[in-house]
Amino acid sequence: MRRLLLLPISLLLLSFNAMAQQPQPLTFYYDYTVNAGKEDEFMNLIKTVGAPVRDKLMAEGVVLAWGMETPVLRYPGGTTHLIWFSVANWDGVDKVLTAMEAQLAKIAADEAKTKPAKTTAQRTREVFDMSKTRDWLSRDVVANYGPPPAAGVLPVTRYNFIKVKPGKSGEYRATWEKYNKPVFDKLVTDGVILAYGMSVEEVKTDGDFTHFVWMATANMGGLEKIAAAFAADRARRTEDERKTINDLFTDVTEPDKARSVVTRLRIFRLPASK
């Protein structure tokens with residue numbers, strides 16, 4: 001999912017209060033490469049094809065949250081746009097994908113009657129480099145959520161991709177929860193972080209990473225505060241403690257495989273407050 005913007009995970013942002021009540025939600029990511037000059041048409045496709053489906057399923061309680069985000073740092077051949085939706089379980093994934101198929105079939109049937117200059121299928125082929133489209137399905141194994149962000153806030157998300165050595169996932173998670181989770185939890189309590197999580201691919205499709213940690217903030221300044229909080233946590237420890245923490249993480253991961261991605265949400269939908 002590094003390629004998910006590869007990813008994010010993005011992670012992102014899952015649905016705060018709704019998802020906090022759901023154990024280990026699933027997030028489905030679509031990686032897209034939008035052709036230059038077709039960004040506005042991409043947004044039109046979202047509004048007319050995908051958004052109505054996801055919004056309806058959100059109103060029905062199937063979709064917990066959904067969004068579209070773009071990477072802050074671009075690179076040759078990299079993903080340009082990412083759409084994601086979060087659901088409670090596999091049944092939710094099936095309902096979303098089935099509804100999208102029905103939506104596309106309905107649009108095609110309507111266009112066969114109205115005969116527009118370009119069909120939605122033709123527009124889609126012009127907008128995307130379909131050879132680079134990539135899907136991901138991830139599951140949160142650890143997560144914490146603060147209150148939903150203020151209206152109009154489009155969060156920034158950082159994804160840290162980690163490759164854990166074979167057979168070391170349990171040790172990695174235990175070490176992470178002991179030394180990193182308390183720092184993240186305090187940042188959520190203090191309102192610095194909107195939400196964070198540790199995720200894995202539900203269906204393993206990539207060998208570049210095994211886990212990714214995502215953290216969502218209201219703005220980029222929040223990322224600096226996260227770094228400062230971890231620096232302060234490590235600084236208050238003894239030299240032996242710092243060495244122990246470093247050794248524990250180094251022993252179970254492949255540090256040279258670590259990568260990060262930062263994204264901005266351009267569309268962010270949560271269920272209406274009740």
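The values are calculated or read from the model by the stated rules, or taken from the named source; none is laboratory data. Because the structure is a prediction, the values reported are computed rather than measured. FYI the Cβ positions are ideal-geometry reconstructions off the backbone, even for glycines, and counts take in every protein chain you see.
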- Item | Extreme residue, farthest from residue 234 (Cα to Cα), among residues of segment 246-261 that are among the aliphatic types (A, V, I, L, M) and either in a strand (DSSP E or B) or in contact with a strand residue (DSSP E or B) (Cβ under 9 Å, 6 or more places away or on another chain) (or both) | 261
- Considering residues of segment 22-71 that are of a type in the set (S, T, N, Q) and not in a helix (DSSP H, G or I) only, the residue nearest to residue 154 (Cα to Cα): 70
- Message: closer than 26 Å to residue 213 by Cα and either among the charged types (D, E, K, R) or modelled with pLDDT of 95 or more (or both): which single residue out of 40, 94, 55 fits that description?
- Response: 94
- Message: Looking at segment 89-104, I want the residues that are more than 21 Å from residue 122 (Cα to Cα) and have a partner that is in a helix (DSSP H, G or I) and of a type in the set (A, V, I, L, M) with Cβ atoms under 7 Å, at least 6 apart or on another chain. Which pairs are those?
- Response: 95/57; 96/57
- Message: Considering only segment 2-21, I want to know if a residue exists there that is under 11 Å from the mean Cα position of the chain (by Cα), within 16 Å of residue 137 (Cβ to Cβ), modelled with pLDDT under 95 and of a type in the set (S, T, N, Q).
- Response: yes
- Task: Kindly indicate whether any position in segment 245-253 is surrounded by 14 or more Cβ atoms within 10 Å (Cβ to Cβ), among the aliphatic types (A, V, I, L, M) and closer than 25 Å to residue 137 by Cα.
- Result: yes
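One line per residue, one yes/no per condition, for (1) of a type outside the set (A, V, I, L, M); (2) within 14 Å of residue 143 (Cα to Cα); (3) buried (at least 21 other Cβ atoms within 10 Å of the Cβ):
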{"position": "161", "(1), (2), (3)": "yes, no, yes"}
{"position": "164", "(1), (2), (3)": "no, no, yes"}
{"position": "169", "(1), (2), (3)": "yes, no, no"}
{"position": "198", "(1), (2), (3)": "no, yes, yes"}
{"position": "202", "(1), (2), (3)": "yes, no, no"}
{"position": "205", "(1), (2), (3)": "yes, no, no"}
{"position": "209", "(1), (2), (3)": "yes, no, yes"}
{"position": "215", "(1), (2), (3)": "no, yes, yes"}
{"position": "219", "(1), (2), (3)": "yes, no, no"}
- Single residue of segment 32-59 satisfying the filter (within 19 Å of residue 104 (Cα to Cα) and among the charged types (D, E, K, R)) that is surrounded by the most Cβ atoms within 10 Å (Cβ to Cβ): 54
- Search segment 82-116 for residues being among the polar types (S, T, N, Q) and assigned to a helix (DSSP H, G or I), and hand back the single one that is surrounded by the most Cβ atoms within 10 Å (Cβ to Cβ). 103
